[in-house]
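Read-outs: derived from the displayed coordinates by stated rules, not from any lab. Treat the numbers as computed from the prediction; the structure is a model and nothing was measured. Glycine gets a Cβ as well: all are built from the backbone with ideal geometry, and neighbour counts include every protein chain shown.
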Amino acid sequence: MEQFIREVSERIQPVHLEAGRAAQLHLDQLTKPPGSLGMLENLAVQLACITGEVKSVIHRKTVIVMAADHGVCAEGVSAFPQEVTQQMLLNMLSGGAAINVLSRQAGADVLCVDIGVKGNMDHPELLNHKIRQGTGNMAREQAMTREQAVQAIVTGMNIAIEAADRGSQLFVTGEMGIGNTTASSAMLCALTGLSPEEVTGRGTGLTDSELKHKAAVIREALALHQPDGQDTIDVLIKVGGLEIAGLVGVILGAASQGCPVVLDGFISAVAAVAAYTMAPQVKGYLIGSHMSAEKGHRLALAKLGIRPLLQLDMRLGEGTGGVMVLHMIDAVSHLMNEMATFSSARVSDSSGNISL
Ligand SMILES: O=C(O)c1ccc[n+]([C@@H]2O[C@H](COP(=O)([O-])O)[C@@H](O)[C@H]2O)c1
Ligand SMILES: Cc1cc2nc[nH]c2cc1C
């Protein structure tokens, strides 16, 4: 299975830089001062680089919500009880969570995956890929075995690749897992060398003293396991999460199919840092959506060199911030396809010329 992960990673092609240059030339011919559409222009260029087309239209978009539980919840690191993971997953399957509402509005499909939720569920729409009943408590033991980490990545890869084969053209990373900001913070420390105090945030809403305790739990887990930051799988085994490993697979699998990957919040960004550590060529496919209120998100995005489009102070996860950017991706497609050029509309350019 590790061989499969390598093969999929090696299938990720460099993005089409010449299409990106052509997109910039087209943008500069449209009836607006050069650069005046700001970050929407960067988005248009990146979409051209990924799709190889100046005027791409993305019809089918899929949010993949990976759900799993975290043994480290026993240390009192979340404001919510662990059973909320399963309860919210059922809410998503019934269509009542924020991600369902926002995805319906944005015209995206939602795939819900149980990759390691504690408890057993049965729902016709659920993709049941449970690897184990939540992770081990990183404060005392490894989060998962090597086989489980590899299986989780392969699961994410296969789900993305199969959805792309069925016609999905773009993916949004989503997750649900009480305790997963602790695992994500620990992973980010291991992958970057940043300290727990720098990266750890309040997650679902910890108080000041609870936040200090959470950073101390992460510090102790890192001291106990000494994960190797060059080795993504080692980091996942020791302090990771099954849904985070699943998202690493989704990101690499989607990129291997030539699809853009819109990253949601902190957990998704850490999964992207982990994917990037395994396969740096994935970077061109990653689109930053929003800047979460979770403290470490800024640091994870900085590691990737990604500037997100939105700052909405969201910290929900599920893929919700990512889906907000789907509206912007649609807007960019319309601009590239429908705006008049200086010559077609007979508007003078900055030199006072009307080209024919
Ligand atoms: O996406 C984010 O930036 C984000 C920030 C804080 C919390 N969350 C969500 O809240 C849950 C994790 O929070 P916690 O406090 O239980 O670690 C998990 O289900 C995430 O989807 C998500
Ligand atoms: C209610 C609730 C919904 C969520 N969605 C993602 N993480 C969540 C955490 C909680 C607590």
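List of remarks:
- Neighbour-count order for Met39, Met92, Met138, fewest beta carbons within 10 angstrom listed first: Met39, Met92, Met138
- Rounded tilt (10° steps) of 208-225 against the dominant C-alpha axis of the chain: 80
- Residues with amide H under 5 Å from that of Met176, placed H, sequence gap 5 or more: Met66, Ala67, Ala68
- By the beta-carbon count within 10 Å of each Cβ, the least crowded to most crowded order of His123, His59, fewest first, is His59, His123.
- Rounded tilt (10° steps) of 320-338 against the dominant C-alpha axis of the chain: 10
- Whole-Hz couplings from phi, Karplus 6.51/-1.76/1.60, listed for segment 155-171; x for Gly and Pro: 4, x, 4, 5, 5, 5, 5, 5, 5, 5, 4, 7, x, 5, 9, 8, 10
- Here the Kirkwood formula puts the hydrodynamic radius of the chain at 20.5 Å, using every distinct Cα pair.
- Entries in Lys32/Lys55; Lys61/Lys212; Lys55/Lys283 that, when Cα-Cα distance is taken, lie over 29 Å: Lys61/Lys212
- Size of segment 170-232: Rg and Dmax of its alpha carbons, in Å, are 12.5, 41.
- Scalar couplings 3J(HN,Hα) for segment 131-136, obtained by applying the Karplus form with A = 6.51, B = -1.76, C = 1.60 to θ = phi - 60°, are 9, 6, 7, x, 7, x Hz; x denotes Gly and Pro.
- Per-residue Cβ neighbour rank within 10 angstrom, fewest leading, Lys238, Lys118: Lys118, Lys238
- For Arg132, distant residues with modelled amide H under 5 Å away: none
- For Met314, the residues whose amide H sits under 5 Å from its own are Ala293, ignoring neighbours fewer than 5 places away on the same chain, with H placed 1.01 Å from N.
- Segment 61-124 and segment 331-356 have Cα centres spaced 45 Å apart.
- Averaging 1/r across all pairs of distinct Cα atoms in segment 197-356 and inverting the result yields a Kirkwood radius of 18.0 Å.
- Relative to the longest principal axis of the Cα atoms of the chain, the long axis of helix 266-278 makes an angle of roughly 80 degrees.
- Sum of -39500 (n - 2.57) over DSSP H runs of 4+, divided by residues of the chain (222 nm, nearest 500): -15000 deg cm²/dmol
- For segment 67-150, GluC sites (Glu not before Pro) meeting the loop criterion (DSSP other than H, G, I, E, B) and having at most 16 other Cβ atoms within 10 Å: Glu83, Glu125, Glu141.
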